[in-house]
Structure formats: C-alpha cells, structure tokens
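S.K.: Quick one: the structure is below, and I'll ask about it shortly.
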Amino acid sequence: MDKKKYYITTPIYYPSGKWHLGHCYTTVCCDSIARFRRMKGEEVFFLTGTDEHGQKIEQKAKERNVTPQAYVDERVADVKKLWALLDVSYDKFIRTTDDYHVKAVQKIFKALYDKGDIYKGSYKGKYCTPCESFWTESQLVNGKCPDCGRDVIDAEEECYFFRLSKYQDRVKELLTTTDFLQPQSRVNEMVNNFINKGLDDLCVSRSTFKWGIPVTFDTKHVVYVWIDALSNYITALGYGEGGENYAKFWPADLHMVGKEIVRFHAIIWPAILMALDLPLPKKVYGHGWLLFGGDKMSKSKGNVVDPYVLSERYGIDSIRYYLLREIPFGADGNYNNEEFVTRINQDLVNDYGNLAKRTLAMSKQYFGGKAVKPAPDKRDEEFIATVDGAYAKASECIDKINVTKALESIFVAIDRANKYIDENKPWELNKNGKKERLNAVIYNLLEALRVTSTLLLPFITVSPKKVFAALGLDVPTSFDCINFGAVEEYRTGDIEVLFPRLDLKKELEELDEIARQLKEKENKMNDNATEKETVDTIEDISIDEFFRAKLKVGEVLACEKVEKADRLLKSTVKIGDEVRTIVSGIAKFYTPKELVGKKVVVVTNLIPRKIRGIESKGMLLCASEGEHGSADEKLTLIRPESDIDSGAEVC
C-alpha cells in the first residue's frame with residue numbers, strides 16, 4: 001500500500017539582511033510538522049529556500065561592491081548554516097537563481113502571456129523599495145508603506161500586468177466556501193481589505209533594474225516577484241520538466257506563511273494557478289508575527305534576536321521549544337528574555353528534565369537499572385490512559401496545524417508522570433520492602449518517559465535522544481511502538497542533566513550585555529560602510545540613470561559629533577522648506593563648527609538608513625583623493641560656486 005503523501009512548504013526567504021529568530025519560527029514549525037508526519041509513516045516532502053531577485057538585492061550588492069549573485073550566495077550559505085544548527089530536516093532547498101527555476105518561470109510567464117492573462121502596460125503609483133511593493137495612495141498608512149512604515153516614492157514605468165481582476169470572483173468563492181485559508185481571521189482580512197474593494201491587475205515585470213529573470217520575448221523586462229517567487233512551490237517539484245515529484249506531491253498540503261504575506265498566497269497564488277489550469281494547494285496557514293518589544297521582529301527595523309547567541313548559550317532544544325510552545329499558534333507572540341528563560345526553567349528543567357533524572361536515578365538505585373513489565377493494576381489505569389492518550393491528542397493537533405497545542409498535550413502526560421511519583425512515593429515503597437509494587441511504579445515511569453520522549457522527537461531533537469540512550473533503547477524513527485507497555489524489560493543507565501537550572505537575574509544581565517556588545521559591533525560596521533560610500537567607484541550609467549538621483553542645495557543649520565563614533569557628524573540641513581538629519585563620515589576633515597552655515601549639495605532621494613540609531617535622510621556630496629583611510633587622504637565638500645537659496649535643484 002502506498003504511503004500517504006504530504007507536501008509542506010515554508011515561504012522562501014528574502015536574503016537581504018541578517019537572519020533572525022522570526023525566520024526560525026516559521027521554519028521550525030514546519031520542520032516539527034514534517035518530522036511528526038514522517039514518524040506517522042507518511043511520505044513527506046518539506047521545501048524551504050530563498051527568493052533572491054529584485055531591486056533591493058541589487059542595491060545591497062552595490063553597497064558591498066559585489067555582484068548580486070555573490071551577495072546572495074553568501075546570504076544563502078548563512079541561512080543553510082542556521083538551518084543545520086537548528087536541525088531543520090528539509091528535503092529540498094530551492095533558490096530562485098537555480099537554472100531549473102529560471103527556465104520554468106520563463107515558461108510560466110510566456111504561457112500566461114500567450115493565454116492573454118498577461119499584457120503590457122504602464123504603472124504609476126507609490127513604491128516601497130525595501131519591501132519591493134507597489135501601493136495605492138489609499139493603502140498607505142500616514143503616507144508611508146503599510147508594511148515597514150518607511151517612505152515610499154513615486155514610480156512610473158513600463159511593465160507587464162497579470163489579469164488578477166479576472167479571477168476575483170473565483171478567488172472569493174475559494175476563500176469563503178472552503179477552508180483553504182486558515183485561521184478564519186485571515187479570511188476576513190483578505191475578503192474585507194482586498195477582494196471586496198476590487199482587485200486591480202497586478203504588475204508582474206520590472207524594467208528599471210536588471211537583477212531578475214529576463215522575460216524571454218522582451219528582455220528589457222525582468223519577471224517580478226509574484227510569478228518568480230510564488231512559482232517555486234511547483235518548480236521545486238519539477239513542474240514543466242515532467243518531474244516525478246510534481247506528479248507525486250502536488251497539490252501542496254500546506255503552505256505555512258507569516259500573516260504579512262497571506263495576500264500573496266491566498267489571492268495572487270491561487271489566481272496564477274487558476275490561469276495555468278493547475279490544482280490549488282489544499283491549505284494556506286497564515287501564522288502571527290514573532291514580536292520584539294511589541295513590534296514585528298524585522299531586520300529592517302533592527303530589533304532582531306540572534307539565534308546563534310541563544311543556541312550557543314542554551315542549546316537548540318531550548319530555542320525550538322520556546323518558539324513552538326510560547327507563541328500562541330496563529331496569533332502574534334512577544335519574545336522577551338525573561339519569558340524565554342522562565343519557560344526553559346518551568347517546562348524543560350522542572351518537568352521533562354526532572355522526570356528523566358528522577359526516574360532513571362530511582363531505576364538504578366532500587367533495581368540496578370532493571371525493571372520488568374508488571375501485571376495490570378487498577379491503581380494505574382488512569383495514569384496509563386493519560387500517557388497512552390497523548391499520541392492521539394498530539395496527532396489531532398498536528399492535523400489541525402496547531403503545534404503549540406500538540407506540545408501542550410505531551411506535557412500533560414509529563415506533568416502527570418511527575419505527580420505519579422509524588423502519589424506513589426517510591427522511596428517509601430522501597431523502605432517498606434514492597435518490591436513488586438516498586439517495580440511496577442518504576443516500570444510505569446520508564447514507559448511514560450519513553451512514550452513522551454518519542455512524542456517530543458519531532459519538536460526537540462537532542463535531549464530525547466539522550467533519554468533513549470539512558471533507557472538502553474534505539475531512538476525510534478516511527479510511532480509504531482508508541483503504545484504504553486510495548487517494552488517488556490528495561491536495563492537503564494545514567495543520564496546527564498538535560499537542562500541546567502538557570503538563574504533568572506544572572507541570565508537577564510548577561511543577555512543584556514551580549515545584546516549591547518552586538519549592537520556596538522553592528523554600529524562600527526555601519527560606520528565603516530558609511531565612510532566607504534564616499535569613495536566607492538561607480539560603473540558607467542546612462543543620462544536617465546543619472547537623473548534618477550535628485551540633487552539639491554542644502555544649508556547646514558546645526559552640526560554635532562555622533563557619540564562614540566569618531567568619524568561621524570550629525571548635521572541638521574535645511575533643503576528649501578524641509579529640514580533633514582544627515583549623518584556623514586567626514587569628522588576627520590571637518591569640525592561641526594566649520595560646517596554650520598555652509599551651503600552643500602545633498603542627494604535627497606536615497607533610502608533613509610539608521611546609523612548609530614540616528615535616521616539619516618540623504619547624503620552630502622564630497623570629492624576625495626588619496627587612499628581611503630591613509631594619512632594623505634583628502635576630502636572636501638561639493639559646494640555651490642556662488643550663493644544660491646537652499647532647495648535649488650542641481651542639474
């Protein structure tokens with residue numbers, strides 16, 4: 001009999017910055033579901049990967065003075081290292097720069113064009129470069145990008161459009177008459193905020209940058225993110241090439257995504273598949289955000305938590321467990337160090353670790369590690385039923401895509417086992433010579449430890465293996481022998497402390513100090529990058545590209561040195577009716593007093609960036625000679641030859 005097939009995907013991640021705990025959350029959730037279903041005997045295909053094209057990547061590569069391919073290669077190596085660290089068991093890692101994906105996307109784009117579902121037009125509206133998203137005026141929040149809160153720019157360019165409006169009614173029916181999208185709150189958001197307002201046709205190509213998949217029949221265009229990135233879920237299976245995996249695993253059983261990209265997966269992706277006459281995924285689940293201090297954890301906002309630091313200090317089981325247990329599944333969850341340490345102490349130290357240590361210690365103390373299966377005893381029926389029922393409850397929760405509840409059901413059995421020790425008092429049974437009853441109690445505890453450790457394997461992957469070594473058993477690869485009483489006789493050994501107890505106050509102080517050191521290191525790197533921007537060489541550009549930079553005359557109203565940054569000056573610059581803060585790495589050449597009152601030339605349409613916690617909105621133009629950083633380096637500000645009002649355009 002063929003195994004049941006199960007295809008699960010994470011979103012493919014955008015490698016434009018530092019990988020953080022928010023990325024880990026989605027991936028560890030999917031990994032746990034994949035592992036659980038493999039142990040149930042299902043044939044699982046677990047996909048993750050990276051979305052590597054776009055304007056932001058092109059810009060990041062220029063800042064680093066490397067090619068876009070070299071830039072993404074480095075970022076992908078980092079995320080693969082992180083997934084290996086967290087023991088993520090993906091079956092395939094797709095990159096949108098992979099040759100097979102590029103060819104398949106070009107075929108998909110051409111097929112949609114030939115069908116008439118893609119047409120050429122012109123886009124005019126608002127654009128957020130960091131998010132690579134187009135927005136209408138009504139979608140902006142306080143005039144800024146609704147996703148990241150930063151400034152948008154006016155954009156106009158020739159592009160190809162996908163007829164999303166054509167599929168509006170079919171997508172609405174999908175969302176409102178099936179359980180395609182979960183949880184229900186996401187359905188309400190999609191219908192009320194997007195579909196009921198009317199779906200506009202979608203820009204699916206760009207012509208103002210080059211880092212992307214070329215449109216085969218119009219090579220000045222590159223395929224935009226919607227068709228490029230979303231198609232990964234089928235191209236990874238060999239779609240368009242007669243791939244065996246496509247026939248075996250499509251449609252996907254579950255696309256797991258963060259709530260900020262539900263619109264793409266619940267509206268745009270089904271519409272594309274409808275246009276291609278392909279089966280739709282069975283389920284899209286939009287989980288909440290992992291928050292930090294009440295705000296979305298985001299590399300662009302600088303509020304990330306470093307998983308390498310946490311794993312080195314506390315081990316990967318602690319990270320995986322916290323992410324899966326502390327965050328209410330489907331809702332937002334707030335990370336803070338106190339809750340992280342407290343959760344480790346309460347559940348992993350007090351409950352699971354304590355059960356393992358006490359049970360194995362008593363087994364060795366009272367019977368030299370030997371315990372045999374006892375005759376049934378009515379006194380133990382409720383306890384055994386609780387432990388025996390944990391698998392069914394956890395499995396039901398996994399089927400409902402609720403990892404948090406699955407873990408809770410397992411810890412109900414662990415808690416019951418700890419209470420069973422207190423109820424039966426093995427030390428008194430031993431003292432009173434009741435060896436038969438003592439054997440039964442120890443055996444029952446060993447079985448409870450075996451069953452719960454088996455169930456924990458998909459969620460935390462290190463400590464349960466240590467438990468099985470101490471139980472004298474092989475690590476199970478399936479739930480075939482999950483039932484209570486499957487082991488006839490135990491011969492146990494010693495076990496190390498699985499989770500050392502943490503001093504909350506000490507840990508919080510040390511984590512704060514680590515965070516301070518990391519921030520200081522990051523600030524120094526930003527300082528160096530700021531200085532480098534003044535001396536980077538630039539490739540030849542067209543006159544049109546030159547005029548994309550908006551240069552205006554500004555007047556420095558005030559200036560001061562940036563604290564703990566020898567090279568940086570913070571200037572308050574008046575540009576016409578506007579006043580901006582600009583951070584520049586020119587303190588070696590100018591004192592703050594020398595700058596005040598000077599007229600300067602400012603690049604006014606650069607993306608704002610935070611330097612030493614200060615948002616810098618623009619760049620002062622300078623000329624330099626000599627080797628950067630050397631004693632003979634010279635630098636001077638570019639200034640108007642004669643007096644002219646601030647705000648005047650440089651042309």
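The values are calculated or read from the model by the stated rules, or taken from the named source; none is laboratory data. These figures come from a predicted structure and were not determined experimentally. No Cβ is skipped: glycine too gets one built from the backbone with ideal geometry, and neighbour counts run over all protein chains shown.
S.K.: So which residues in region 476-500 are within 17 Å of R35 (Cα to Cα) and either of a type in the set (G, A, S) or surrounded by 15 or more Cβ atoms within 10 Å (Cβ to Cβ) (or both), if there are any at all?
M.R.: Residues of region 476-500 within 17 Å of R35 (Cα to Cα): 476-482.
Within region 476-500, P476, S478, F479, I482 qualify.
S.K.: Where in region 561-611 are there strands (runs of 3 or more DSSP E), lying fully within it, with 2 or more residues that are under 18 Å from A648 (Cα atoms) and touching a residue at least 40 places away in the same chain (Cβ under 8 Å)?
M.R.: Working: elements: 569-575, 578-584, 599-603, 609-611.
Ranges flagged: 569-575, 599-603.
S.K.: Pull up region 40-76, narrow it to residues that are of a type in the set (S, T, Y) and closer than 17 Å to V225 by Cα, then point me to the one that is surrounded by the fewest Cβ atoms within 10 Å (Cβ to Cβ).
M.R.: Start the filter on region 40-76 by keeping residues that are of a type in the set (S, T, Y), which leaves 48, 50, 67, 71.
In the following step, the residues that additionally are closer than 17 Å to V225 by Cα were identified as 48, 50.
Values: T48: 27, T50: 21.
Residue satisfying both the conditions and the ranking: T50.
S.K.: Could you list, ordered by first residue, the pairs with Cβ atoms under 7 Å in which the first is in region 372-392 and within 14 Å of E436 (Cα to Cα) and the second is of a type in the set (F, W, Y), at least 6 apart or interchain?
M.R.: Every condition considered, the pairs that remain are V372/Y443; K373/Y443; P374/Y443.
S.K.: Report yes if some residue within region 77-91 is outside any helix (DSSP H, G or I), surrounded by fewer than 21 Cβ atoms within 10 Å (Cβ to Cβ) and aromatic (F, W, Y); otherwise report no.
M.R.: Among the residues of region 77-91, at least one is outside any helix (DSSP H, G or I), surrounded by fewer than 21 Cβ atoms within 10 Å (Cβ to Cβ) and aromatic (F, W, Y), which makes the answer yes.
S.K.: Of the conditions (1) outside any loop (DSSP other than H, G, I, E, B); (2) more than 30 Å from G240 (Cα to Cα); (3) out of contact with any Lys or Arg (no Cβ under 7 Å at 6 or more places or on another chain), E156 satisfies every one except a single condition; which number is it?
M.R.: (3)
Yes or no, residue by residue, for (1) of a type in the set (D, E); (2) modelled with pLDDT under 95:
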{"position": "R437", "(1), (2)": "no, no"}
{"position": "L446", "(1), (2)": "no, no"}
{"position": "L455", "(1), (2)": "no, no"}
{"position": "F459", "(1), (2)": "no, no"}
{"position": "V467", "(1), (2)": "no, no"}
{"position": "V475", "(1), (2)": "no, no"}
{"position": "V487", "(1), (2)": "no, no"}
{"position": "I514", "(1), (2)": "no, yes"}
{"position": "E520", "(1), (2)": "yes, yes"}
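S.K.: Between a residue in region 410-435 that is in the same structural domain as P458 (by TED's automatic domain parsing) and any residue that is of a type in the set (D, E) and modelled with pLDDT of 95 or more, which pairs come within a Cβ distance under 7 Å, given they are 6 or more apart or on different chains?
M.R.: F411/D347; F411/D351; I414/D351; D415/D351; N418/D351
S.K.: Where in region 412-475 are there helices (runs of 4 or more DSSP H), lying wholly inside it, with at least 3 residues that are over 15 Å from N354 (Cβ atoms) and within 38 Å of the chain's Cα centre (by Cα)? Outline the logic, then answer.
M.R.: On the way: elements: 426-431, 435-456, 463-471.
Those helices (runs of 4 or more DSSP H) span 435-456, 463-471.
S.K.: When you go through (1) in contact with a strand residue (DSSP E or B) (Cβ under 6 Å, 6 or more places away or on another chain); (2) surrounded by fewer than 19 Cβ atoms within 10 Å (Cβ to Cβ) one by one for V583, which number turns out not to apply?
M.R.: Condition (2) is where V583 drops out.
S.K.: Here are some residues: A275, A247. Which one is free of Cβ contacts under 8 Å to residues at least 24 places away in the same chain, of a type in the set (A, V, I, L, M, F, W, C) and more than 14 Å from L175 (Cβ to Cβ)? Give the steps one after another, and end with the answer.
M.R.: Values: A275 fails: free of Cβ contacts under 8 Å to residues at least 24 places away in the same chain.
It is A247.
Rundown of residues vs (1) touching a helix residue (DSSP H, G or I) at 6+ places or on another chain (Cβ under 7 Å); (2) loosely packed, with under 15 Cβ neighbours inside 10 Å; (3) of a type in the set (G, A, S), yes/no style:
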site	(1), (2), (3)
L323	yes, no, no
P328	yes, yes, no
V341	yes, no, no
I344	yes, no, no
A356	yes, no, yes
Q365	no, yes, no
P374	yes, no, no
D380	yes, no, no
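S.K.: Looking at region 224-307, what helices (runs of 4 or more DSSP H) fall wholly within it and have at least 1 residues that are at pLDDT below 95?
M.R.: Working: elements: 225-230, 232-235, 244-249, 269-275.
Helices (runs of 4 or more DSSP H) meeting the threshold: 225-230, 244-249.
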